[in-house]
Each structure stands twice: as structure tokens, then as C-alpha cells.
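The values are calculated or read from the model by the stated rules, or taken from the named source; none is laboratory data. Worth saying up front: this structure is predicted, and the values here are computed from it rather than measured. Don't worry about glycine lacking a Cβ; one is built from the backbone with ideal geometry, like all the others, and counts go over all protein chains shown.
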């Protein structure tokens, strides 16, 4: 595996590592969503339903990563605004509790 192909193999393994990390995170999210549904309802998802959720998350993940930087920036901005609203709401709740 060494010699003249060392750079190629290193690059290939690095890319494979990134793909596996993303795929395992998406699978964990699918399992989490299926567990959340099972805890809140009486529905237990089969392995095929979990696989369907997983494929949906992979497609959504791919769509978001294939969009322009500007669109990703809008997602980040929206997330930041939601976070600011939540912080303000918590501050108001804690201020009302101290009165």
C-alpha cells in the first residue's frame, strides 16, 4: 500500500472517513427520531421505516450541502435568530420569577 500511491490512499481514506462520519450521524438522527415517536405515541417503527427516515435525512443533508453558501448562511441566520428569541424568552421568565 505504500510507494507511489501513498498520497492517493491517504486522500481516499480521508474522504472515506468523512463520508462514514456523516452517514453514521444521519443514522443516529433517524434512530433518535424513531425513538422519539415511539416514546410519544404507541407506534414502533420497523427497520424499514427507520431506513426510510435515514434516506430522507441523507437526501436533505445532501440538498443543504449542495446549495450555495448564501443559502447556508440564511439557515445559520435563521437559527441564530431563533436562539436569540429563546434567550430573551428565558430572561423574561427569570425576571418575572424574581419579582
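All but one of (1) at pLDDT below 80; (2) surrounded by 11 or more Cβ atoms within 10 Å (Cβ to Cβ) hold for residue 26; state the number of the condition that does not hold.
(1)
Of 41, 68, 6, which residue is out of contact with any helix residue (DSSP H, G or I) (no Cβ under 8 Å at 6 or more places or on another chain) and surrounded by 10 or more Cβ atoms within 10 Å (Cβ to Cβ)?
Checking each option against the conditions leaves just 6.
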